[in-house]
Amino acid sequence: MLQKICPQVRIVVGHGQMNEKELENSMLKFVRHETDFLVSTTIIENGLDIPLVNTIIINRSDRFGLAQLYQLRGRVGRSNRRAYAYLLIPPDKALPGEARQRLAALKEFSDLGSGFKIAALDLELRGAGNLLGGEQHGHINAIGFDMYCQLLERTVEEMQGQEVLPDVQTQINLRITVKIPMEYIPDETQRLRTYKRVSSMKSDAELEELRLELEDRYGPLPPEVESLLEHARLRLIAERMLVQSIERERDGITIKFHDHTPITPQRLVETVSSNHGVTLTPQGVLKVRTTGLQHSGIFSFVRGILQELAS
């Protein structure tokens, strides 16, 4: 249609369904002034900087969002020459209220640096969304954002055909004090932040890095903090092996495994036969005798048993 209206004008087309080479050739022709018009979709919305372009015509501008219109308008006026942006709407159609507000805002905020005002008005028109509120399907506020992200990640893995093991959070109760004393980190905010970091660690290397950081900032670690880090190390290997609980009883420690644990019955039997004081109940619960074992060595002792099972 444009070619019929302006037969003497050189026109080139650009859109997202073109292959990379065709699109590149079209854009290079336009940049080199080998063509006069570029007829394009919103693919030119971001990142296009051609200073000599001084006019853009946006058809059916009522269908675009405010931020999108702002980006499209920004493709012109990138030099010292006067630029024009024409926003076309159907002449015989009544625009919805929000569409009128968007176009009016774009007309009003045309000065340099008005992007923040555009963004604020766009936020007001569309709303900020409700990622954590009750309006979300599934009520993310009831399970927490971290749990939501874990569930989403697991669902993506399932859809990709990957084997997804049960998410087991090991309950560890060895009757050993694991905490950060107020005397070691006086600031409550920093203590809570450190607890959070310990609970989110994913490897022994990260825990060791945290240990070095704590020693550097607060001095040598007290026994309670050492136990906290050892507790985290034990939790890492236990959750990888789908251990449900590790409980200290009067005469030893019981280790309960999830039904889907990667440890084979044969490996359990081999570990029991090669370690004195380790027994296996008919229910599949591992019992480890700890008579005479000091508190400081319990974490490493249990971790050694689990590492042997995993090997």
Selected residue (only one of 212, 192, 221 is among the aliphatic types (A, V, I, L, M) and under 26 Å from the mean Cα position of the chain (by Cα)): 192
Which numbered condition residue 254 misses (of (1) touching a Lys or Arg at 6+ places or on another chain (Cβ under 6 Å); (2) surrounded by 17 or more Cβ atoms within 10 Å (Cβ to Cβ)): (2)
Return a yes/no flag: does the range 207-222 have any residue that is within 18 Å of residue 174 (Cβ to Cβ), open to solvent by 60 Å² or more (accessible area, probe 1.4 Å) and touching a residue at least 24 places away in the same chain (Cβ under 8 Å). no
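One residue is enough: does the range 94-107 have a residue meeting the conditions among the basic types (Lys, Arg), open to solvent by less than 70 Å² (accessible area, probe 1.4 Å) and at pLDDT below 85?
If we filter the range 94-107 for residues that are among the basic types (Lys, Arg), which is where we start, we get 100, 102, 107.
Those still in the list that are open to solvent by less than 70 Å² (accessible area, probe 1.4 Å) too: 102.
Add one more test, that the residue is at pLDDT below 85, and what stays is 102.
The answer is yes, given that some residue of the range 94-107 is among the basic types (Lys, Arg), open to solvent by less than 70 Å² (accessible area, probe 1.4 Å) and at pLDDT below 85.
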Residues (of a type in the set (Ser, Thr, Tyr), buried (at least 16 other Cβ atoms within 10 Å of the Cβ) and in a loop (DSSP other than H, G, I, E, B)) located in the range 34-63: 35
Which residues, taken from the range 241-251, are out of contact with any Leu (no Cβ under 9 Å at 6 or more places or on another chain), under 15 Å from residue 299 (Cα atoms) and touching a residue at least 24 places away in the same chain (Cβ under 8 Å)? 245
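The values are calculated or read from the model by the stated rules, or taken from the named source; none is laboratory data. Not measured: the values here are computed from a predicted model. Positions of Cβ are generated from backbone atoms using ideal geometry, with glycine treated the same way; all protein chains shown enter the neighbour counts. Side chains included, ligands, DNA and RNA excluded: accessible areas come from the protein's heavy atoms. Shrake-Rupley method; radii C 1.70, N 1.55, O 1.52, S 1.80 Å.
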